[in-house]
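The values are calculated or read from the model by the stated rules, or taken from the named source; none is laboratory data. From a predicted model like this one, the values you see are computed outputs, not experimental measurements. All Cβ positions, glycine included, derive from the backbone under ideal geometry; neighbour counts span all protein chains shown. Accessible surface is based on the protein model in full, side chains and every heavy atom, while ligands, DNA and RNA are left aside. Shrake-Rupley method; radii C 1.70, N 1.55, O 1.52, S 1.80 Å.
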Amino acid sequence: MLRKALNIIGTMILLLLIAAVLPLTLPKLFGYRLYHILTPSMEPAIWMDSIVYVRSVDPEALQEGDVIVFQIAGGLDTMETHRIVHVDKDRQMFTTKGDANFTEDQNPVLFSSVMGKVVFHIPLYGLLADWLHSPRGIAVCTALFAAVLLMYVAADRIEPRGKNE
């Protein structure tokens, strides 16, 4: 009885850990990039602290209304997520605007600065993603995984496999 309870609890903890990290890992295998939205400029379409899943696309295929992630001019690793409001194919640039902003972005976005198109997002998942990547989150996940292993070992010691199966 205790063996079965330990196995069930251990399995549930393990499934919760997998469910927490799967959306952060599996999409990368299919070519998606993940970005944490840090500002409310795209609300209500994409809430602050959401994770957006971005697929690389040919900038020529993008059109008005698409939400893109692009590298900010002058910002080394700074990305922005805004909606295309105008396409200038001759000059190979976009005019963008955050949905919550009153005005268009000052600087045009060059085709070469586009990281990709937002395909979908998970609201507020950025908070969990940041925590999972923090030293505390890594320590908690490691401790939970170790606890699950201990539960499985304890279950086998309490009642060896095959005795009541």
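Looking at 38, 158, 7, which one has the Cα that reaches farthest to the positive end of the dipole of the chain (charges on Cβ: Lys, Arg +1; Asp, Glu -1)?
Checked the options; the winner is 158.
Can you list which of the DSSP-assigned H helices in the chain have a Cα extent of 24 Å or more along the long axis and an average Kyte-Doolittle score of at least 1.0?
Once both thresholds are applied, what remains is 2-29, 135-158.
Helix-only estimate, please: 222 nm mean residue ellipticity of the chain, summing -39500 (n - 2.57) across DSSP H runs of length 4 or more and dividing by its residues, to the nearest 500.
-13000 deg cm²/dmol
In terms of modelled amide H atoms, which long-range or inter-chain residues lie less than 5 Å from the amide H of residue 96?
85, 105, 109
Using the charge dipole of segment 56-137 (Lys, Arg: +1 at Cβ; Asp, Glu: -1 at Cβ; taken about the Cα centre), state which of 120, 84, 61 has its Cα farthest towards the positive end.
So the residue we want is 120.
Which whole-Hz couplings ³J(HN,Hα) result when phi for each residue of segment 108-121 is put into the Karplus expression 6.51 cos²θ - 1.76 cosθ + 1.60, θ = phi - 60°, listed in order with x for Gly and Pro?
Those phi angles translate into x, 9, 6, 3, 5, 8, 6, 8, x, 9, 6, 9, 7, 8 Hz.
First obtain the Kirkwood hydrodynamic radius of segment 1-134 from its Cα pairs, then insert it into the Stokes-Einstein equation at 20 °C and 1.002 mPa s, and state the resulting D in µm² per second as a whole number.
The Stokes-Einstein estimate is 130 µm²/s.
Could you give the dipole magnitude of the chain about its Cα centre, charging the beta-carbon of Lys and Arg +1 and that of Asp and Glu -1, in debye to the nearest 20? Could you put the intermediate results ahead of the total?
Details: 14 positive and 17 negative charges, 211 e Å.
It comes to approximately 1020 debye.
What part of the accessible area of the chain, given as a whole %, is carbon or sulfur when the probe is 1.4 angstrom?
On the chain, the fraction of accessible area on carbon and sulfur atoms equals 64 percent.
Send over a whole-number figure in Å² for the accessible area per residue of segment 17-161, probe 1.4 Å.
Here the residues of segment 17-161 average 60 Å² of exposed surface.
Once amide H atoms are placed 1.01 Å from N in the peptide plane, what residues at a sequence separation of 5 or more from residue 57, or on another chain, have their amide H within under 5 Å of its amide H?
117
Report, by chain and number, residues whose modeled amide H sits under 5 Å from the one on residue 82, excluding near sequence neighbours (fewer than 5 apart, same chain).
Correct list: 68, 70.
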